[in-house]
Amino acid sequence: MLNLYLFQILNGLGLGMIYFLISVGLTIIFGLLNFVNFAHGGFFMLGAYFCYALLQATGQFWVALVAGPLAVGAMAWVAEKVLIRRAYHLPHTFHILITVGVALILQEACIIVWGPIGKSIPIPETLQGVVIMGKFAYPKYRLFLILFSAVIGFALWVLLERTRFGALVRAGSESTEMVSLLGADIYKLFSLTFALGVGLAGLAGVLSGPIRGAHPFMGPEVLGLAFVVVVIGGMGSFTGALVGGLIIGLVQSLMSSLWPEGASLMIYGAMAAVILLRPYGLFGRA
Amino acid sequence: MTAFLKSKGIFGGMTLAVAAILVLLPLLLPSATLASEILIFAMAALACNLLLGYGGLLSFGQGLFFGAGSYLASLAMIHGGFGLIPALLAAAVAGAVLATCVGWLSIRRAGIYFVMLTLAFSQMGYFLAYTLSKWTGGDNGLLDVPRPDLSLFGIRIADLSSAGAYYTLVAVLFFAVFVGARRVIDSPFGSTLVAIRENETRAAAIGFDTRHFKMLAFTLSGAVTALAGALYAMLINYVPLDNIAMSMSENIVIMTIIGGTGSLLGSLLGAGALVTLGDILSAMWPRWQMLLGLALILIVMFLRGGLWGGVEHALDRFLKIREKGNAP
């Protein structure tokens, strides 16, 4: 019985790290660009499909793991250059409209290329099977997922807190104008941040591929989950995205052994509770 | 012409224009069913417009109220033996109650957080409908939704089984909602909403309880949206799970913004354009939503006032040219 809970807690951590990767991208983009990306779920889906396609083409999961997120990030970089940046000066309503448009195009394009029925993605051979720790056995891939996303999370923290790029992003979140006046190329910074944030969603898509597969209509659900995480953690906060992601992952995973049908429902219950107690989220600022 | 349409009176130009559209719509379109569908979505867009265009509140969770209205009215008719009018009333009341609950939580936050909260709560409704598959049919949808006769106090007034008869009911209800919405907008309540949209801090400083006003608008919007949902269920005799999905919220918001948020007529225009195009294009190319995505991007780039803004602009220019032509 205890083992079952340990199993679900580990599952929850893995799921939570995926949610963290999705929402931290959303949060970084919003923090610096004050731009709401409703296509975030669409780019996650693209990551999952790239994982499928690259595995089909090369047979190497590692290729998909590196090239998938890079490809998604590159597409976001192009989209930012030709489209997204033209909407920065407009109200949020138009951000939403333009990115909903992008999400629809991504969804339909995936259906055209890969068909309306979802694809399942095999777990890479080297990561198949279980790791045995005493009496307890745990799937290798899920363990890899937790460790790998923890490494990525740490690297991201270093990038944001310990490099010049990160300093610019954080300063830009406080005052874009000031950073621009101090001589930083703000448009280059915007493009890179957008590509980074969306690339993280792509990475989450690739990583969750072998567990959840790729499906053309997964975008909206993922977007909804990312919003829940951000509402719980507080928008614009790295720690908030991490804690919020883990809470949601754990709630979903633990509930799925207690009340499987209601697992998704409980997530939103948790969100409502946080909103009641702390309207600005756990780590948000008023 | 535009001045005529903008005239403030309840019985002024805009009301007459809508009445004329309601009469002409089934004659111009290939089927009365399509016309009913347009008006039902126009009703939902109008409720969304009331929030966005006048209160400045972008709700991305209107699908929750639409779906709840569909399910509630259908279940009341199937299991409760409700007639047409009680079922519609039940849906509207349920929509109002649900909107009050969601609004109570969501209106704590403004701007983009409000948008995210409404979206998240509508996703919650989606999963609830999915979980309660014993009642809602889950993924298969709720089948065999009846369309009862129109009757009052047990007296049968009309048989609605023909598409034309049902269109008449929908058109009458739409007209009532439209006139009602105009009254609300022109009332002190409506002016206060606009004041809150323009500057919430200032409206609060004057002494208005802004949260209270936003809640009321949200409740009203929920009731109208649920009514539209109930009418849609009776139109297609079926409640697909999609009625409460995020795509429904998305469609309602898209219709509202594409139509234009400056005027209630914009909602009718937006719903008309999207439903008609969807009807024509989906038969030609199943992936037509890709064109919709493209259209959204183009509208943000070139037509930010929406279709109604475009129509107004064109009319103004036309009139100016004519005036110039008439001048000696």
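On the basis of the beta-carbon distance and an R0 of 35 Å, B:Leu16 and B:Asp144 show a calculated FRET efficiency of 0.30. Please report the spacing between the Cα centers of segment A:87-158 and segment A:52-71 in Å, no decimals. Comparing the Cα centres of segment A:87-158 and segment A:52-71, I get a distance of 13 Å. Mean partner shielding of peptide B:182-194, defined as the number of other chain Cβ atoms within 10 Å of each residue Cβ, is 0. Near the amide H of A:Gly213, within less than 5 Å, lie the amide hydrogens of A:Ile121, all on another chain or at least 5 residues away, with H placed in the peptide plane.
Legend: Rg and Dmax of chain B, from Cα coordinates, 19.9, 75 Å.
Non-local lysine pairs in the protein assembly as shown, meaning eight or more places apart or on different chains, with alpha-carbon distances under 23 Å, amount to 5. Label reach from A:Arg85 (point 7 Å along Cα→C-beta): in segment A:26-64, amide nitrogens under 14 Å belong to A:33. Per-residue packing, averaged as other Cβ atoms within 10 Å, sorts the ranges B:86-92, B:222-228 into the order B:222-228, B:86-92, beginning with the highest. Summary of packing: across the peptides B:115-123, B:147-155, the per-residue average of other C-beta atoms within 10 Å ranks them, highest first, as B:115-123, B:147-155. Take A:Leu277, project a point 7 Å from its Cα along the Cβ direction, then tell me which residues of segment A:227-244 have their backbone nitrogen under 15 Å from it. So the set is A:232-234, A:243-244. Between A:Leu4 and A:Val113, how high is the FRET efficiency from 1/(1 + (r/R0)^6) when r is the Cβ-Cβ distance and R₀ = 45 Å? Nearest 0.05. So the FRET efficiency works out to roughly 0.65.
Computed extension length for B:Ser187-B:Asp242: 16.3 nm, one decimal, from 0.36 nm per residue of separation with the Cα-Cα distance subtracted. Please give the residues of segment B:256-299, grouped as numeric ranges, whose backbone N is less than 15 Å from a label point set 7 Å along the Cα-to-Cβ vector of B:Leu28. Under 15 Å, as judged by backbone N against the label point of B:Leu28, lie B:265-277 of segment B:256-299.
Take each residue in B:126-133, count the other chain C-beta atoms within 10 Å of its C-beta, and the mean is 4.
Remark: segment B:292-306, residue by residue, has Karplus-estimated 3J(HN,Hα) of 4, x, 4, 4, 4, 5, 5, 5, 5, 6, 10, 9, 6, x, x Hz, where x stands for each Gly or Pro and the curve is 6.51 cos²θ - 1.76 cosθ + 1.60 at θ = phi - 60°. Look at the stretch A:90-96: the mean tally of other chain Cβ atoms within 10 Å of its residues' Cβ atoms is 6. A Stokes-Einstein calculation at 4 °C with viscosity 1.567 mPa s, built on the Kirkwood radius of the protein assembly as shown over Cα pairs, returns a diffusion coefficient of 51 µm²/s. The simple Förster model, with R0 at 56 Å and r as the Cβ-Cβ distance, assigns A:Thr239 and B:Arg156 a FRET efficiency of 0.30. Taking amide H atoms as placed 1.01 Å from N in the peptide plane, the amide H of A:Val131 lies under 5 Å from those of A:Tyr138, A:Lys140, each 5 or more residues away in sequence or on another chain.
Every number here is computed from the coordinates shown, using simple stated rules; none is lab data. Since the structure is predicted, the reported quantities are computational estimates derived from the model, not experimental observations. Don't worry about glycine lacking a Cβ; one is built from the backbone with ideal geometry, like all the others, and counts go over all protein chains shown.
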